[in-house]
1. Would you be able to say whether some residue in the stretch 145-157 is under 27 Å from Ser267 (Cβ atoms) and at pLDDT 95 or above?
2. Out of Phe119, Phe132, I need the residue that is assigned to a strand (DSSP E or B), touching a residue at least 12 places away in the same chain (Cβ under 8 Å) and outside the structural domain of Phe248 (by TED's automatic domain parsing). Which one?
3. Going by the conditions given, is Ala171 in contact (Cβ under 8 Å) with a residue 12 or more places away in the chain, closer than 16 Å to Ala122 by Cβ, under 21 Å from the mean Cα position of the chain (by Cα) and within 16 Å of ligand 1 (Cβ to nearest atom)?
4. What are the residues in the stretch 272-298 that are surrounded by fewer than 17 Cβ atoms within 10 Å (Cβ to Cβ) and over 29 Å from Leu6 (Cβ atoms), if any?
5. Would you check if Phe280 is outside the structural domain of Asp140 (by TED's automatic domain parsing), closer than 25 Å to Asn191 by Cβ, assigned to a helix (DSSP H, G or I) and out of contact with any Phe, Trp or Tyr (no Cβ under 6 Å at 6 or more places or on another chain)?
6. Would you check which residues across the stretch 178-225 are within 16 Å of ligand 1 (Cβ to nearest atom), on the phi < 0 side of the Ramachandran plot and part of a loop (DSSP other than H, G, I, E, B) and list them?
7. Which ones in the stretch 181-204 are touching a Leu at 6+ places or on another chain (Cβ under 8 Å) and surrounded by fewer than 19 Cβ atoms within 10 Å (Cβ to Cβ)?
8. Listed residues Leu71, Leu99, Leu45; which is surrounded by fewer than 17 Cβ atoms within 10 Å (Cβ to Cβ) and touching a strand residue (DSSP E or B) at 6+ places or on another chain (Cβ under 9 Å)?
Amino acid sequence: MKVLVLGAGQLARMMSLAGAPLNISISAYDVNSDAIVHPLTQQQLGTGLTKAIADADVVTAEFEHIPLPVLALCQASGKFFPGETAIKAGGDRRLEKQLLDSAGVRSAAYHIVNNEADFKQAIQQLGLPLVFKSALAGYDGKGQWRLKQPEQAAALWQDIAAFLATDQQQAIVAEQFIPFQRELSLIGARNAKGQLQVYPVTENHHVNGVLSVSLAVAGNESLQQQAQQMFSAVANQLNYVGVLAIEFFEVDGQLLVNEIAPRVHNSGHWTQQGADVCQFEQHLRAVCGLPLGSTALVRPSLMVNILGEDTVPQPILALPGLHLHWYGKTKRAGRKMGHINVSAADTAQLKQRFLQLIALLPESAFPELTQMAQRLN
Ligand code: ATP
Ligand code: MG
């Protein structure tokens with residue numbers, strides 16, 4: 001099978017690695033250069049997008065910020081999964097909120113802001129504190145503003161107005177600030193027959209708005225049930241085919257959806273070592289019409305993101321249950337460069353191995369890991 005992936009980053013790379021044993025070969029569309037490239041070498045393959053779509057058995061995506069004409073072209077091919085509607089809903093917070101509302105799942109109360117009157121109405125209707133998020137092109141916490149005190153509103157509006165003036169298509173979604181205890185995510189797959197397979201709920205820790213650590217340990221049944229119910233509501237509403245990720249806030253044992261990602265997700269990288277079938281293979285199985293695989297947790301696992309570093313101390317490779325995954329990218333401050341997966345027989349051993357890893361990593365590049373290790377009990 002030949003699969004064309006829109007986007008040529010680490011997610012396409014890991015799909016390629018996961019697809020090889022199933023004889024699924026991946027080519028990737030680099031949105032920035034408008035070229036078809038090999039997902040591992042980044043070498044241009046000398047084909048245009050139209051020919052690559054024609055040559056592919058299946059077209060899919062590894063990210064949601066894709067030009068609309070490209071989405072339309074892929075959709076017209078009849079072999080694009082999860083398809084235009086799902087990708088658009090992941091890339092535009094206005095559509096995402098509409099989707100969540102129509103699927104009947106809880107998320108933070110919101111108000112769409114296009115002008116100053118909307119801005120004032122958002123504050124009046126929702127109260128403070130508020131989080132303002134750009135409707136388009138948001139990722140890793142970029143394009144977000146917080147408003148805590150009413151006296152900061154006028155200055156914030158100036159910033160937001162300047163931002164809106166840069167792009168006619170842009171808007172802001174104002175959202176109530178949620179005083180959550182934890183952030184969780186659920187990653188799962190739905191196939192064309194409507195069958196669902198979800199992984200255990202993952203606990204996620206962000207540092208400066210960017211995912212740092214994901215923990216997958218035998219879970220809380222009540223949270224798993226809630227997350228699964230919301231996952232199926234959203235996936236069925238979209239008639240979704242492929243892997244879908246949903247991020248949640250946990251407030252007093254109740255889940256609210258933060259956002260969805262219509263693709264494989266950073267908080268699911270632990271599945272490479274912690275599950276029978278990893279999220280990358282599972283996505284390919286779903287979009288290629290192959291049977292879905294087991295999503296059971298085979299061993300407690302965690303993932304640590306490597307941000308802005310292109311080396312890590314070599315001795316970490318000697319630690320049992322440790323796997324290092326580089327993305328082959330050029331170093332840039334804060335950039336997602338790779339990740340480390342750690343797995344163990346049980347939670348106590350996972351904590352022990354995590355602490356061994358932390359002792360070998362430079363604190364400056366890997367802050368706050370010790371606090372996260374304390375979560376494992
Ligand atoms: P990513 O690409 O990492 O998923 P993003 O740019 O799409 O991030 P969000 O996930 O919406 O943005 O927000 C980033 C982080 O900001 C969240 O993980 C959470 O920690 C915090 N956050 C977002 N919305 C709220 C909210 N309504 N209340 C409290 N915290 C929030
Ligand atoms: Mg997020």
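The values are calculated or read from the model by the stated rules, or taken from the named source; none is laboratory data. This is a predicted model, so every value here is computed, not measured. Using ideal geometry, Cβ is built from the backbone for each residue, glycine included, and neighbour counts are taken over all protein chains shown.
1. Looking only at the stretch 145-157, we keep the residues that are under 27 Å from Ser267 (Cβ atoms), and these are 145-146.
Then drop every residue that is not at pLDDT 95 or above, which leaves 145-146.
The answer is yes; a qualifying residue exists.
2. Numbers: Phe119 fails: assigned to a strand (DSSP E or B).
Exactly one residue qualifies, and that residue is Phe132.
3. Working: in contact (Cβ under 8 Å) with a residue 12 or more places away in the chain: yes; closer than 16 Å to Ala122 by Cβ: yes; under 21 Å from the mean Cα position of the chain (by Cα): no; within 16 Å of ligand 1 (Cβ to nearest atom): yes.
Spelling it out, it is not the case that Ala171 is in contact (Cβ under 8 Å) with a residue 12 or more places away in the chain, closer than 16 Å to Ala122 by Cβ, under 21 Å from the mean Cα position of the chain (by Cα) and within 16 Å of ligand 1 (Cβ to nearest atom).
4. Pass one, the stretch 272-298, residues surrounded by fewer than 17 Cβ atoms within 10 Å (Cβ to Cβ): 276, 289-291, 293-294, 296, 298.
Listed by number, the residues that qualify are Ala296, Val298.
5. Details: outside the structural domain of Asp140 (by TED's automatic domain parsing): yes; closer than 25 Å to Asn191 by Cβ: yes; assigned to a helix (DSSP H, G or I): yes; out of contact with any Phe, Trp or Tyr (no Cβ under 6 Å at 6 or more places or on another chain): yes.
Judged against the criteria, Phe280 is a match.
6. Here is the first cut: in the stretch 178-225, the residues within 16 Å of ligand 1 (Cβ to nearest atom) are 178-187, 201-215.
Subset that is on the phi < 0 side of the Ramachandran plot: 178-187, 201-207, 210-215.
Correct list: Ile178, Pro179, Phe180, Gln181, Val201.
7. Result: Gln195, single match.
8. On the way: Leu71 fails: surrounded by fewer than 17 Cβ atoms within 10 Å (Cβ to Cβ); Leu99 fails: surrounded by fewer than 17 Cβ atoms within 10 Å (Cβ to Cβ).
Just one listed residue meets the conditions, Leu45.
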